[in-house]
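The values are calculated or read from the model by the stated rules, or taken from the named source; none is laboratory data. All values reported here derive from a predicted model rather than from experimental measurement. Here the Cβ positions follow ideal geometry from the backbone for every residue, glycine too, while neighbour counts run over all protein chains shown.
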Amino acid sequence: MPGNFGEILQHMRVMTLKELLQFRRDIFLLIVVIYAFSIDIYVAGSGIEMELKQAALTVADYDQSPASRDLIYSFRQPQFKFQGMEMNGDRAMDLLDAGKTMLYMEIPADFNEALLAGRPTQIQLLVDTSNSVLGSLATSYAAQIVAGFGIQKAMERLSVGGAMGGSLPMVNSAHRVWFNPNGKDRWFVPINEMLTMITMLSIMLPAAAMVREKERGTVEQLLVSPLTPLEIMLPKVFAMTLVILIGVTLAVFGVLGPVFDIPFRGNMLLFYVLTAIYVFSTAGFGLAISTVVNNLAQVGLMVIMLLSPMLLLSGAFVPPEAMPKILGYLILLSPMHHYIEIVMGIFLKGVGLDVLWPSVAGLLIVGTAVFSFGTWRFRRQFG
Amino acid sequence: MNWARFTAVVAKEWAEITRDRLFLVLAFVVPPALMVVFGLGMNLDVENIPLAIVDHDHSPQSRDYAYRMIDSRYFDFKGYLHDEHQIPKLISRGDVRAVVVIPPKFGQDLVAGRSVSVQTLLDGQFPLRANIARGYIGAINANYSQELISSFLSRAAGLSPDQARQQMGNLRLEMRMLYNQSGKSIWSLAPKLIMMVLMMTPPLLTAVSVVREKERGSILNIYASTVSRAEFLLGKLMPYAGISMVNGVFLWGIAVFYFEAPFKGSFGFYLLATFIYSFTTTGIGLLVSSFVKTQIAAVVITMVVTLVPAILFSGMLFPLSSMGPEAQVIAHLAPAMHYGQIIDGAFMKGIGLDRLWPSVVSLLIYALALFLLAYYFFTKRPQE
């Protein structure tokens, strides 16, 4: 180990500058990192919502009465969209097969009569549930609409509504969605996309920066230089953390705020400190990868292998309570899981350390473990 | 195109792949591993939503109403709360995702024939789940209301309870769920996962294989040789498209035998579509490789341009019909969406080329266009 502290600092500074210089000279890499923190987030966030909207409804109306028209009209925008009539069942099946219509409703010829007389009558509804999520939304909305329609018609027939002064014992619900009014994904998706980019780059950039030296052979030069393994390794992580933090600033102030009107409710300093910790510790994965592999194709595969489960199972798309128990526990080992809780908490809920401390503790513990593992592998290989 | 030179490039590339043991293993292990992990973890069935109830009424009616929520398999009842003060903390921490607040005089109002409004607070962090939970609560309310009204009617209009129920429930809805009768999300998800996983690795591998030669300088041998541009690019593409095809068969096996997703279409059609798709995905990698000079850039760019559209715009998580106009355009530009439609048709609907030919043709156009662009931009006389 070289002696004094000043010397170490000098080594670190020079090496960090070298990494930044190398990064800046790769013009395509620079462009794509800017893209990742701006256009990519914009594209991901614009217009994507996980809600049933404009589901096409095709109808075979054998009754053509005021009642049947009323019913069709109850399937309203924005959830449903009346697509047209189609009396021919085979052709309707074709429409369903081709995905041109999602629902196909058959109204029987005696529909109006039966409703007026109080006789039982039946509506057929075929629903394309090949997307199970949309299918379940569509079926539950349709069931509510038809049930409401039935009650309304029965009340008209028995003229109870009028007699009782329009009052009936019913339970209505008033919904309030917290942290994301209107239940829009417009807030959720772009933030999540930013987190994805942070995670991806914080694993990949240090790994790639290290493996590149291996592949080109410049690592030999570094090893014979007076630098210690830590002095080779840490500047790469510092430099890439800096790059990513600049990217985050671009994303938060350039895209999330102005374009999507996402309020930043919490403490900015806390957000930056925790983001820096997250990026730094996640880089440990990258360092560990760089000790196992020899070329960048392998880096790519390893990153995909590690990153994709982390992203999709981080609790961002599927909450932990909906996962198999074992995966639910494994998720706790992913630093991203804790980080997402932190960012959503600071961003949307405006909460501070008093609420977030379990996630922060989780991030610190997992992050330290990851980074120590990366450092240990690195020192063993290059020490 | 000279066949001998073309096969020589393929053979060289293949030798390079097989000599890199770690790479070879990863190329065949990563896709199936991803498929299994995603399939197990991406549970989109919305059940066991953690629920708490605040009952300000404490009447028999309010307890009866609360039990309808508690008994539902869609909710996981976490307990009664004394008042609303605890709600923000519980939802912030994700301990509960929905809270139902029953107002005072709930029972009294209902008995008197007045309608009552019940507050539902939902955690919007998972919008899809909030929407579905809202649907469930709405359905429970509708059901409960219908019973209330019929018993009210029997008192008010002097009907017997049976008559009243018949009068209220004379309109029946018979619903048939097509293509995925079970409603299991894995049946819908498994085919889409094939699409996503096959989009993840092939472009990356192809791009890196070309750029590596640039970075190492071995591409100078190609520049100086008689190998033409088309022979070189196609020769680079072949092995990776082949790996992707083999993985396509593996993934199909995992979807059908492990996840037990129904496959109603023809396997031959699936192979044909996957074959074209493999050339499209590797074509993306080829195009990227013609621009960049370093492997880092190649890796980062391919991941950003392929992964995001494959996850967001393929209709896997977010339905196409729900997208705004800009997103619709982007979705149609992403080849993953077309393959997604094909594979949905082949798996769940059992339809083939006769119906899906527009998507197949789109994919073909992609494959050709990508290759031609890469051909156009790749030059044997680079300007330094």
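General remarks:
- Total residues in the stretch A:131-176, condition touching a Phe, Trp or Tyr at 6+ places or on another chain (Cβ under 8 Å) and at pLDDT below 80: 4
- All told, residue B:34 meets the bar of being surrounded by 16 or more Cβ atoms within 10 Å (Cβ to Cβ) and within 28 Å of residue B:252 (Cβ to Cβ).
- Every condition in (1) within 9 Å of chain B (Cβ to nearest Cβ); (2) closer than 30 Å to residue B:289 by Cα; (3) touching a Phe, Trp or Tyr at 6+ places or on another chain (Cβ under 9 Å); (4) of a type outside the set (Asp, Glu) is met by residue A:45 except one, and the failing one is (1).
- Subset of the stretch A:104-132 (residues that are assigned to a loop (DSSP other than H, G, I, E, B) and more than 7 Å from every other protein chain (Cβ to nearest Cβ)): A:108, A:109, A:110
- Among the residues listed as B:337, B:348, the single one being touching a Pro at 6+ places or on another chain (Cβ under 7 Å) and closer than 28 Å to residue A:93 by Cα: B:348
- Residue count for the stretch A:347-365 satisfying the condition of being in contact with a His (Cβ under 7 Å, 6 or more places away or on another chain) and not in a helix (DSSP H, G or I): 0.
- From B:329, B:361, B:305, residue being within 26 Å of residue A:299 (Cα to Cα) and either modelled with pLDDT of 85 or more or not aromatic (Phe, Trp, Tyr) (or both): B:305
- Per-region count, the stretch B:91-119, residues surrounded by fewer than 18 Cβ atoms within 10 Å (Cβ to Cβ), more than 8 Å from every other protein chain (Cβ to nearest Cβ) and within 30 Å of residue A:341 (Cα to Cα): 1
- Residue check, residue A:297 small (Gly, Ala, Ser), closer than 30 Å to residue A:217 by Cβ and at pLDDT below 85: yes
- Residue among B:153, B:122 that alone is under 30 Å from residue A:323 (Cα atoms) and facing chain A (nearest Cβ under 7 Å): B:122
- Of the criteria (1) in contact with a helix residue (DSSP H, G or I) (Cβ under 9 Å, 6 or more places away or on another chain); (2) more than 7 Å from chain B (Cβ to nearest Cβ); (3) under 25 Å from residue B:264 (Cβ atoms), which one residue A:135 fails: (2)
- When restricted to residues that are more than 8 Å from every other protein chain (Cβ to nearest Cβ) and without any contact (Cβ under 8 Å) to a residue 60 or more places away in the chain, the stretch B:176-215 contains 2.
- Check on residue A:36, under 29 Å from residue A:97 (Cα atoms) and either at pLDDT 90 or above or not in a loop (DSSP other than H, G, I, E, B) (or both): no
- Helices (runs of 4 or more DSSP H) contained in the stretch A:270-346 and holding at least 3 residues under 30 Å from residue B:240 (Cβ atoms) and more than 9 Å from chain B (Cβ to nearest Cβ): none
- Scope the stretch A:196-242; condition part of a loop (DSSP other than H, G, I, E, B) and in contact with a Leu (Cβ under 9 Å, 6 or more places away or on another chain); matching residues: none
- Failed item in (1) surrounded by fewer than 18 Cβ atoms within 10 Å (Cβ to Cβ); (2) touching a residue at least 12 places away in the same chain (Cβ under 8 Å); (3) in the same structural domain as residue A:152 (by TED's automatic domain parsing), with residue A:91 passing the rest: (2)
- Condition check for residue B:22: under 33 Å from the mean Cα position of the chain (by Cα), surrounded by fewer than 17 Cβ atoms within 10 Å (Cβ to Cβ) and not in a loop (DSSP other than H, G, I, E, B): yes
- Restricting the stretch B:127-147 to residues that are under 15 Å from residue A:148 (Cα atoms) and without any contact (Cβ under 8 Å) to a residue 40 or more places away in the chain, the residue that is farthest from the other protein chains (Cβ to nearest Cβ): B:147
- Evaluation of residue B:53 against (1) hydrophobic (A, V, I, L, M, F, W, C); (2) in a helix (DSSP H, G or I); (3) buried (at least 16 other Cβ atoms within 10 Å of the Cβ) (one fails), failing number: (2)
- Taken over the stretch A:1-39, residues that are surrounded by fewer than 12 Cβ atoms within 10 Å (Cβ to Cβ) and aromatic (Phe, Trp, Tyr) amount to 1.
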